[in-house]
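Please read the structure below before turning to the comments.
The values are calculated or read from the model by the stated rules, or taken from the named source; none is laboratory data. On a predicted model such as this, the values are computed, not experimentally measured, just so you know. Every residue, glycine as well, gets a Cβ built from its backbone with ideal geometry; the counts of neighbours run over all protein chains shown.
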Ligand code: S3P
């Protein structure tokens with residue numbers, strides 16, 4: 001008997017807190033004055049990296065029975081760390097914190113694991129250098145790097161050409177302790193959790209959204225942020241794994257609750273609906289400024305589509321799981337403009353391509369576009385999958401394994417702890433015999 005004959009997904013699920021919001025909640029708690037209680041904080045390896053670094057910068061962060069308590073020192077209140085700051089595997093930890101420390105008069109060395117040490121950092125640090133921080137990078141782009149922060153950072157206009165929420169957020173955090181007007185222009189608007197949390201914390205700034213996709217943010221520092229408790233909505237990128245699992249497993253019907261329905265994060269649902277997915281979203285309210293609600297998903301016959309490069313910044317973490325949906329859709333799906341995928345926890349363009357090929361799914365990379373020739377029947381399975389120690393690759397292929405006659409043999413599943421330690425527990429809870 002095959003797995004897909006034995007199993008279907010059924011039931012209701014509450015998943016862990018959003019990774020992007022969790023990083024920002026802890027960092028903004030540290031930059032506030034007073035105590036911030038954070039509820040539903042994601043307790044994954046990446047978030048623990050942010051917590052550890054902030055503790056090295058003199059911030060007290062404690063876990064209580066139902067929340068985390070951050071005692072902030074204000075926007076210029078970091079202490080000189082005694083040792084190198086280790087961001088582990090986390091791009092968001094490192095890039096956001098470069099900005100936060102760069103306007104404090106301290107000297108910091110940042111290090112990271114092997115993967116993080118191969119990811120480009122000058123995209124952020126060159127902007128910080130413009131306002132007066134002194135930065136030294138290994139081979140001009142990589143960790144380890146050192147930042148000598150400045151209390152007299154210049155109020156400047158910055159133009160960001162790469163669509164990256166991390167670059168924008170790093171500058172926004174720096175601007176909190178810059179005297180005068182900092183203007184940030186994004187050529188292409190990206191995820192907006194930092195803006196939403198700033199507004200929630202009464203940090204006043206101007207925002208203009210242009211019709212051509214550009215965005216302008218004007219901050220007037222320095223700011224004194226008064227602490228306010230933060231409730232973290234559940235992670236839509238984690239929800240995406242179960243969404244696709246239910247879509248490709250016959251007879252499935254699941255509901256995921258209290259998910260962050262921020263528009264810059266759920267473009268994958270629009271894409272899946274275009275592929276024929278039966279997904280219903282119900283908005284249910286707001287949580288610390290973010291729209292939340294439930295996602296209901298039923299098994300659906302998927303068909304291939306072309307995904308434009310214009311929405312790439314809003315799908316950036318979902319391409320691996322969308323590739324699994326495409327692998328189970330009839331026809332050839334084209335995903336355009338995936339250059340940024342090469343700079344994630346692994347070279348995700350390559351990780352997706354190699355692993356789908358070893359499952360017998362024909363794929364091709366043409367420049368920055370990915371072509372996937374899907375099939376809507378169960379795969380043989382039993383083949384090896386290299387997770388490349390990348391959490392989203394490991395979870396995506398764990399989902400494809402549900403549609404294999406014999407399970408896929410995925411290397412280092414432990415890397416899932418980077419973003420979603422409860423992944424297997426949650427998957428088990430909705431996996432029912434058919
Ligand atoms: C993130 C932004 C994205 C995303 C990452 C989290 C954030 O990166 O890939 O997982 O929290 O700002 P970029 O927008 O920098 O590509």
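Are there any pairs, at least 6 apart or on different chains, whose C-beta atoms fall under 9 Å, with the first in the range 94-121 and assigned by TED's automatic domain parsing to the domain that holds residue 73 and within 15 Å of residue 178 (Cα to Cα) and the second part of a loop (DSSP other than H, G, I, E, B) and within 12 Å of the ligand (Cβ to nearest atom), and if so, which?
Filtered contacts from the range 94-121: 98/121.
Within the range 26-48, which residues are in contact with a helix residue (DSSP H, G or I) (Cβ under 7 Å, 6 or more places away or on another chain) and either surrounded by 22 or more Cβ atoms within 10 Å (Cβ to Cβ) or on the phi > 0 side of the Ramachandran plot (or both)?
Taking the range 26-48 first, the residues in contact with a helix residue (DSSP H, G or I) (Cβ under 7 Å, 6 or more places away or on another chain) are 26-28, 30-31, 36, 38, 41-42, 44-47.
Within the range 26-48, 26, 27, 28, 30, 31, 36, 38, 41, 42, 44, 46, 47 meet the criteria.
Looking at 222, 163, can you tell me which residue is assigned by TED's automatic domain parsing to the domain that holds residue 31, modelled with pLDDT of 95 or more and within 15 Å of the ligand (Cβ to nearest atom)? Spell out the reasoning first.
On the way: 222 fails: within 15 Å of the ligand (Cβ to nearest atom).
Exactly one residue qualifies, and that residue is 163.
Only one of these conditions is not met by residue 263: (1) outside any loop (DSSP other than H, G, I, E, B); (2) in the same structural domain as residue 329 (by TED's automatic domain parsing). Which number is it?
Of (1) outside any loop (DSSP other than H, G, I, E, B); (2) in the same structural domain as residue 329 (by TED's automatic domain parsing), only one is false for residue 263: (1).
Could you name every one of the strands (runs of 3 or more DSSP E) located completely within the range 1-74 that has at least 3 residues being in contact (Cβ under 8 Å) with a residue 12 or more places away in the chain and under 16 Å from residue 173 (Cβ atoms)?
On the way: elements: 7-14, 32-39, 60-63, 68-73.
Filter on the range 1-74 gives 32-39, 68-73.
Can you pull out every residue in the range 293-321 that is crowded, with 22+ Cβ neighbours inside 10 Å and either at pLDDT below 95 or away from the ligand (no atom under 15 Å from the Cβ) (or both)?
Residues satisfying the conditions are 295, 297, 302, 307.
Out of curiosity, is residue 412 farther than 23 Å from residue 273 by Cα and either touching a strand residue (DSSP E or B) at 6+ places or on another chain (Cβ under 9 Å) or touching a residue at least 60 places away in the same chain (Cβ under 8 Å) (or both)?
Details: farther than 23 Å from residue 273 by Cα: yes; either touching a strand residue (DSSP E or B) at 6+ places or on another chain (Cβ under 9 Å) or touching a residue at least 60 places away in the same chain (Cβ under 8 Å) (or both): no.
Judged against the criteria, residue 412 is not a match.
Taking residue 117 and the conditions (1) farther than 20 Å from residue 191 by Cα; (2) part of a loop (DSSP other than H, G, I, E, B), which numbered condition does it fall short on, given that it satisfies the others?
Residue 117 satisfies all of (1) farther than 20 Å from residue 191 by Cα; (2) part of a loop (DSSP other than H, G, I, E, B) except (2).
Regarding the range 182-192, can at least one residue be identified that is modelled with pLDDT of 95 or more, more than 23 Å from the chain's Cα centre (by Cα) and farther than 30 Å from residue 422 by Cβ? Break it down into steps so the answer makes sense when it comes.
Applying the first criterion (modelled with pLDDT of 95 or more) to the range 182-192 yields 182-192.
Subsequent filtering for residues that are more than 23 Å from the chain's Cα centre (by Cα) retains 182-183.
So of that shortlist, the ones also farther than 30 Å from residue 422 by Cβ come out as 182-183.
Within the range 182-192, one or more residues are modelled with pLDDT of 95 or more, more than 23 Å from the chain's Cα centre (by Cα) and farther than 30 Å from residue 422 by Cβ.
Within the range 228-245, identify whether any single residue is farther than 23 Å from residue 287 by Cα and either more than 21 Å from the chain's Cα centre (by Cα) or within 16 Å of the ligand (Cβ to nearest atom) (or both), and answer yes or no. Please lay out each step first, then the result.
Of all residues in the range 228-245, those farther than 23 Å from residue 287 by Cα come to 244-245.
Now restrict to residues that are either more than 21 Å from the chain's Cα centre (by Cα) or within 16 Å of the ligand (Cβ to nearest atom) (or both): none.
For the range 228-245, residues farther than 23 Å from residue 287 by Cα and either more than 21 Å from the chain's Cα centre (by Cα) or within 16 Å of the ligand (Cβ to nearest atom) (or both): absent.
Which residue is nearest to the ligand (Cβ to nearest atom), if the candidates are limited to the range 175-199 and must be closer than 20 Å to residue 159 by Cβ and surrounded by fewer than 20 Cβ atoms within 10 Å (Cβ to Cβ)?
Among those that are closer than 20 Å to residue 159 by Cβ and surrounded by fewer than 20 Cβ atoms within 10 Å (Cβ to Cβ), it is 188.
Show me the strands (runs of 3 or more DSSP E) entirely contained within the range 289-394 in which 1 or more residues are over 26 Å from residue 264 (Cα atoms). Walk me through how you get there before you give the answer.
Numbers: elements: 290-298, 331-335, 362-366, 369-374, 379-381.
Filter on the range 289-394 gives 331-335, 362-366, 369-374, 379-381.
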